[in-house]
Amino acid sequence: GLSGRFVVFGDPDYPAALAVLPDAPPVLSAIGDFTLLARPSLAIVGARDASAAGQRFAGMLAAELGAAGFAIASGLARGIDAAAHEAALATGTVAVLAGGIDQIYPPQNKTLHEAIAVRGLLLAESPLGTPPLARAFPRRNRIVSGLSRGVVVIEAAQRSGSLITAQRAAEQGRDVFVVPGSPLDPRYSGSNSLIKDGAILVDRKSTRLNSSHVS
């Protein structure tokens, strides 16, 4: 099988961006390409029931940012997360799991989970064998944002996990980038309120997230 290991707070290869957080996880289990932990990372998150356009945009963004040298972090959920991971497999992607690192969730991401274990990096704070319990998801989200210099939100409803990730990112002093959407689409109600609160707006021309922000 694949060889996993523990990354312990204080280890030289513990991710620097995560280490500065007051609630940095003391131990992470990890499987895959450990060099990704040293690379600057950006998170791409969004709705599980994402639109086809949202998923396409997530993929384009992940591929472009990956080509620019960023590791792409996300939470391996359906929808936007999966599209971002998929597009960044070639350049480097980090998936943070809510359950133990051996727990494949959701089941339809089994192939992607296995591909990331080989070509990217899987990370989990929960011990091996832990099923992904509801309360673990917000904890997982603080790691997704904590690993990253900034978080790009594509399609986030009010009170969604992506909104929690964006709020944690802001608390952690990271940039929050948001793709705006129609005020009539509930999938964008959370996203649009983030923009009102001062998040950085992303449009097609700025998919390079003009590197001044994230360099």
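Can you pull out every residue in region 130-148 that is under 23 Å from Gln55 (Cβ atoms) and open to solvent by 50 Å² or more (accessible area, probe 1.4 Å)? If the condition is that a residue be under 23 Å from Gln55 (Cβ atoms) and open to solvent by 50 Å² or more (accessible area, probe 1.4 Å), then no residue fits.
Rundown of residues vs (1) over 19 Å from Leu76 (Cα atoms); (2) among the β-branched types (Val, Ile, Thr), yes/no style:
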{"site": "Ser3", "(1), (2)": "yes, no"}
{"site": "Val7", "(1), (2)": "yes, yes"}
{"site": "Asp13", "(1), (2)": "yes, no"}
{"site": "Val20", "(1), (2)": "yes, yes"}
{"site": "Ala24", "(1), (2)": "yes, no"}
{"site": "Ala30", "(1), (2)": "no, no"}
{"site": "Asp33", "(1), (2)": "no, no"}
{"site": "Ala38", "(1), (2)": "yes, no"}
{"site": "Leu42", "(1), (2)": "no, no"}
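Taken together, Leu42, Leu2, Leu89 contain a single residue that is under 26 Å from Gly129 (Cα atoms) and at pLDDT 95 or above, which is Leu89.
Yes/no matrix, rows are residues, columns are (1) in contact with a Phe, Trp or Tyr (Cβ under 8 Å, 6 or more places away or on another chain); (2) among the β-branched types (Val, Ile, Thr); (3) in contact (Cβ under 8 Å) with a residue 12 or more places away in the chain; (4) open to solvent by less than 30 Å² (accessible area, probe 1.4 Å):
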site	(1), (2), (3), (4)
Asp13	yes, no, yes, no
Val27	yes, yes, yes, no
Asp33	no, no, yes, no
Ala67	no, no, yes, no
Ala82	no, no, yes, yes
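Filtered by the rule that a residue be closer than 20 Å to Ala68 by Cβ and of a type outside the set (S, T, N, Q), region 32-45 gives Asp33, Leu36, Leu37, Ala38, Arg39, Pro40, Leu42, Ala43, Ile44, Val45. Being open to solvent by less than 10 Å² (accessible area, probe 1.4 Å), in a loop (DSSP other than H, G, I, E, B), in contact (Cβ under 8 Å) with a residue 24 or more places away in the chain and not aromatic (Phe, Trp, Tyr) holds for only one residue in Leu76, Leu42, Leu61, Leu123, and it is Leu76. If you filter region 151-166 down to residues that are of a type outside the set (A, V, I, L, M, F, W, C) and over 22 Å from Pro26 (Cα atoms), you find that the one that is surrounded by the fewest Cβ atoms within 10 Å (Cβ to Cβ) is Arg159. When the residues of region 84-120 are filtered to those that are in contact (Cβ under 8 Å) with a residue 40 or more places away in the chain, in a helix (DSSP H, G or I) and out of contact with any helix residue (DSSP H, G or I) (no Cβ under 8 Å at 6 or more places or on another chain), the one that is least open to solvent (accessible area, probe 1.4 Å) is Ala117.
The values are calculated or read from the model by the stated rules, or taken from the named source; none is laboratory data. Computed from a predicted structure; not experimentally measured. Note: ideal-geometry Cβ built from the backbone for every residue, glycine included; neighbour counts use all protein chains shown. These accessible areas exclude ligands, DNA and RNA; they are computed on the full protein's heavy atoms, side chains included. Shrake-Rupley method; radii C 1.70, N 1.55, O 1.52, S 1.80 Å.
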